[in-house]
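The values are calculated or read from the model by the stated rules, or taken from the named source; none is laboratory data. This structure is a prediction, so every number in the text was calculated from the model and none was measured. Cβ: placed from backbone, ideal geometry, glycine included. Neighbour counts: every protein chain shown. To get the accessible areas, we keep the full protein, side chains included, count just its heavy atoms, and leave off ligands, DNA and RNA. Shrake-Rupley method; radii C 1.70, N 1.55, O 1.52, S 1.80 Å.
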Amino acid sequence: MKVLLQNGLIYDGTKNPPFNGDIYIENDIIKEIGTNLNINTDKVIDCSNLVISPGFIDAHSHNDFFATNEDYTIPFLKQGITTQIVGNCGFSAYGTDPKSPYNNSIGGGLFSTNNPGSLNDYSNKVRGQLIQNIVPLVGHGTTRISVNGMSPHKLTLEQRQQQLKLLEENLQQGAFGGSFGFMYQPGMYAPTEEIVEWAKVIKKYDGIVTVHPRANSKIALGYPLLSFTPHLEQGLNEVIKIMEETNVRVEYSHLIFVGESSWKSVKPMLNKFKEYRAKGYEIAYDIYPFTYGASVITVILPGWYLKLSPEEKQKKSTKLKLKLIINITKKLLGIDFNDLVISYIGPDYPKYEGKNVAEIAAEEGLKPIDMYIKLVDLSNGQGRIMLGKYYNEQIIKTLMEDEISIYMTDAWYEPSGSQNAGTFQAFPFFLQKTKTYGIPLENTIHKMTGATVDRFHIKNRGYLKKDYAADITIFDYDDININFTNPSSTPTGIKYVFVNGELVLEANNYKNIKAGKLLRK
């Protein structure tokens, strides 16, 4: 297909100022950029008063588990997202032995997939069915599950060798790196030597490691409760230690500061990033634009409790100890049960959805902590929540203005229960905040596009350049608008989206074209 985009305001993915011009697309490639281009084409789109940008790139996604399902992926396309980096937080839908007896646990309870195997197996499964491009990372949790299930026990030497073999095979098949999930089972159980050994293989292939740290708050149950250093700062220190031992490139996933008491750590953590970048290490982070985020209902439960058998969890002494720790933790954090909004407990409990734990407790005549434990039990630990007080507006502005941040959604479509606004609104919301905060639009587009491909070493994308892939998002900056009262509503302003040269979205309508590709390093 030959398409000419005329008279648009072109932001090329760099931080350079925009310019008025035309872009000629032939098949899946940008063939020409200029002014007053006179070329015979199949289609001409008048982009007067519109911004022409590289297709937006979601730096942190979990849509490898949902990539072939249109219901799950179209909301991201309607945000202008053409590429998603997947396999984050230690979980990928590939990177396992297809004969592993533990494959039903791939996804760690957060996600699930049928017939998982290698990246090549996954590629065969999704070929011709992708709406967006996906950039694969291998999940450490996935490789660990493949050899030892969800067990908290230390891997044997043979299991570690099997795990590293799986990792290396998938890197050879084109994965861009790997991911850790230190707050999730089974990644939370991995000793330092296993983590360092795994990261060294990533470094061998010049890959990147993304890390969900062990703590995102002043107090987290992955560390001893009493400590002079806030736990989220300890979490960053742990990541830095791995980086120092391996010199691997690091993307610190979804830098957040959960609870008001954690907000004092913004400045020291940003200074730590700058300190280590000045030393020559490649470390940076990604963010989202909301003051809350999606998580699992067990997120505030301590690791020792999660390891217990169902019988041990029901003991009176266990419940008393658990309640004491949770009460102390939430007070130290500066969050409460009204900051835990239920997204989903189970098909039999829709009455809880959209309400916070304190509201539900009042309705049922229980103490909030007892209601919380009841909800955990009703959902078999698989419930989903929206957790508040991740940021305040000043923190979001500070992070957006920081030169090393890039943007992401960390969201997925929910087949039931309440939706995460990030699934539908994150990138347009970044654009809206760009205008509110007075940030130059070229800086925001750079973070959404060129800066992200540079960080993950994605070739021939993320910029509007001759001979680059024709992933393009066209939007009306003045018309970008978010409906805050309905998190599953589609923002206005995104006019056209091209993926690999195919016009896949026009006037907010998906054109039933699957032009996405699984990209290889």
Give me the extension gain from residue 465 to residue 127: residue separation times 0.36 nm, minus the current Cα-Cα distance, reported in nm with one decimal. 119.0 nm
For the ranges 397-410, 10-23, what's the packing order if you count other beta-carbon atoms within 10 Å of each residue, average per peptide, and put the highest first? 397-410, 10-23
Surrounding net charge for residue 412, when Lys and Arg each add one and Asp and Glu each subtract one, Cβ distance under 12 Å: -4
Note to self: C-alpha centroids of region 101-129 and region 283-350 sit apart, in Å, by 28 Å
Of all C-alpha pairs within region 316-442, those more than 23 angstrom apart amount in percent to 46 percent
The chain: antiparallel DSSP beta bridges as a percent of all, rounded to 5: 55 percent
Radius of gyration and Dmax over the Cα atoms of region 248-359, both given in Å: 18.1, 54
If R₀ is 22 angstrom, what is the calculated FRET efficiency for the pair residue 443 and residue 478, using the beta carbon separation as r and rounding to 0.05? 0.75
Whole Å is fine, so just give me how far the alpha carbon centre of region 221-276 lies from that of region 361-438. 20 Å
Output the peptides 166-173, 283-290 sorted from most to least packed, where packing is the average of other Cβ atoms within 10 Å over each peptide's residues. 283-290, 166-173
If I model a spin label at residue 41 and residue 507 as a point 7 Å from the Cα along the Cα→Cβ vector, what separation in nanometres do I get? 1.9 nm
May I ask which of 433/517; 204/267; 330/367; 43/514; 241/272 have a Cα-Cα span longer than 21 Å here? 433/517; 204/267
At what distance in nm do the modelled label points of residue 454 and residue 204 sit from each other, each positioned 7 Å from its Cα along Cα→Cβ? 3.0 nm
Over region 395-469, volume per residue of the alpha carbon convex hull, in Å³: 116 Å³
Carbon and sulfur atoms account, in whole percent of the 1.4 Å probe accessible area of the chain, for 47 percent
How large is the accessible surface per residue of region 327-471, computed with a 1.4 Å probe and reported in Å² as a whole number? 37 Å²
Can you compute the FRET efficiency between residue 104 and residue 336 using 1/(1 + (r/R0)^6), with r the Cβ-Cβ distance and R0 = 35 Å? Round to the nearest 0.05. 0.45
Is it possible to state the helix-based mean residue ellipticity at 222 nm for the chain, with each DSSP H run of 4+ residues giving -39500 (n - 2.57), the sum divided by total residues, to the nearest 500 deg cm²/dmol? What is it? -9500 deg cm²/dmol
